[in-house]
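The values are calculated or read from the model by the stated rules, or taken from the named source; none is laboratory data. Just so we're clear, the structure is a prediction, and the values are computed from it rather than from any experiment. Positions of Cβ are backbone-derived with ideal geometry, glycine not excepted, and every protein chain shown enters the neighbour counts.
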Amino acid sequence: MLAVENLGISVGGKRILSDVNLAIGEGETIALFGPNGSGKTTLLKAIMGFPSYRVDSGRIRFNGEDITSLSLDERSRRGIGIAFQAPPVVRGVKLGDVLRITMGKRGEVREDRIHEYAGRLKLADFLPREVNLGFSGGEVKRSELLQLVAQNPDFALLDEPDSGVDLENIQLVGEVINELLGKGKAGAREKKPRSALIITHAGHILDYVNADKACILFEGSIRCIGNPREILGDIHAKGYEGCARCLSVK
């Protein structure tokens, strides 16, 4: 579904990523690990098409189409969605209106679905409020996920959906992500499988979201693709310094 080929990205004239290669199949969920500042968020925003993330080399393919030169909104229309790590406040725009407009783009505005998912994510009382204004950190994360659910993308980019979410709500967030991807009870009704690339720092979301594979973004490139639990266990035991030692041996 998504193929990143020899991708090099610069931000503000500084090279962040070099020769990144990653392939994600239809219905496949990949967890992305990496030390702080390694370029994980840069990769997601480059895939989404943010203009300040300049593609110096390589290309991005989505469903067989080269989307490297497409704008962010064109990529969104093709079925790519993103949930930010630190979403902004949007003054003057109500959360409920964003959901209705987003669903309207697909021609299926359904108030019952809006209220169903807002209720699931404990945001029913937030629909008439301005987007993220006065929200707590966990409420912002749930608001961001609610907007992604309304978009219902074929491919989801999630930047640390477990950061800032308390233990009481992380299971809820995980369940809704599973449903979005067609892996949960409600999601099982969906015929078309959805794919995802999920950045996680501590790996808590993996207790609730079934990732098929994991990889490490280290020193500007993708390394060590494999079993999510095994890779997370190595990170916990050896840190990313262990990655450096392993790579130096190889």
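So the values come out like this:
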read-out: Answer residue from the stretch 201-230, given it is under 24 Å from LEU180 (Cα atoms) and acidic (Asp, Glu) and is farthest from the chain's Cα centre (by Cα) among those; value: ASP207
read-out: Only listed residue being over 21 Å from ASN21 (Cα atoms) and modelled with pLDDT of 95 or more, chosen from GLY138, GLY92, GLY81; value: GLY92
read-out: The lone exception for ARG110 - which of (1) out of contact with any strand residue (DSSP E or B) (no Cβ under 7 Å at 6 or more places or on another chain); (2) more than 23 Å from GLY39 (Cα to Cα); (3) surrounded by 14 or more Cβ atoms within 10 Å (Cβ to Cβ) it fails; value: (3)
read-out: Residue match in the stretch 113-130 (condition: buried (at least 22 other Cβ atoms within 10 Å of the Cβ) and free of Cβ contacts under 8 Å to residues at least 40 places away in the same chain); value: yes
read-out: Subset of the stretch 62-88 (residues that are surrounded by fewer than 18 Cβ atoms within 10 Å (Cβ to Cβ), assigned to a strand (DSSP E or B) and among the hydrophobic types (A, V, I, L, M, F, W, C)); value: none
read-out: Given (1) in contact with a Lys or Arg (Cβ under 6 Å, 6 or more places away or on another chain); (2) of a type in the set (D, E, K, R); (3) closer than 25 Å to PRO228 by Cβ, number of the condition GLU28 does not satisfy; value: (1)
read-out: Unmet criterion (only one of (1) assigned to a loop (DSSP other than H, G, I, E, B); (2) of a type outside the set (Ser, Thr, Tyr); (3) at pLDDT below 95) for ILE114; value: (1)
read-out: Enumeration of residues in the stretch 46-61 that are buried (at least 20 other Cβ atoms within 10 Å of the Cβ) and without any contact (Cβ under 8 Å) to a residue 60 or more places away in the chain; value: ALA46, GLY49, TYR53, ILE60
read-out: Residues located in the stretch 12-35, provided they are surrounded by fewer than 17 Cβ atoms within 10 Å (Cβ to Cβ) and not in a loop (DSSP other than H, G, I, E, B); value: LYS14, ARG15, ASP19, ASN21, ALA23
read-out: Per-region count, the stretch 226-249, residues at pLDDT 90 or above, assigned to a helix (DSSP H, G or I) and over 17 Å from ALA202 (Cβ atoms); value: 0
read-out: Among residues of the stretch 62-76, those that are out of contact with any helix residue (DSSP H, G or I) (no Cβ under 8 Å at 6 or more places or on another chain) and free of Cβ contacts under 8 Å to residues at least 40 places away in the same chain, counted; value: 9
read-out: Selection count, the stretch 45-56, where residues are outside any loop (DSSP other than H, G, I, E, B) and either within 15 Å of ASN6 (Cα to Cα) or among the small types (Gly, Ala, Ser) (or both); value: 5
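To keep it simple, each residue is scored yes or no on (1) more than 16 Å from GLY138 (Cβ to Cβ); (2) in contact with a Pro (Cβ under 9 Å, 6 or more places away or on another chain); (3) modelled with pLDDT of 90 or more; (4) not aromatic (Phe, Trp, Tyr).
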position: LEU157; (1), (2), (3), (4): yes, no, yes, yes
position: LEU172; (1), (2), (3), (4): no, no, yes, yes
position: ASN178; (1), (2), (3), (4): yes, no, yes, yes
position: GLY203; (1), (2), (3), (4): yes, yes, no, yes
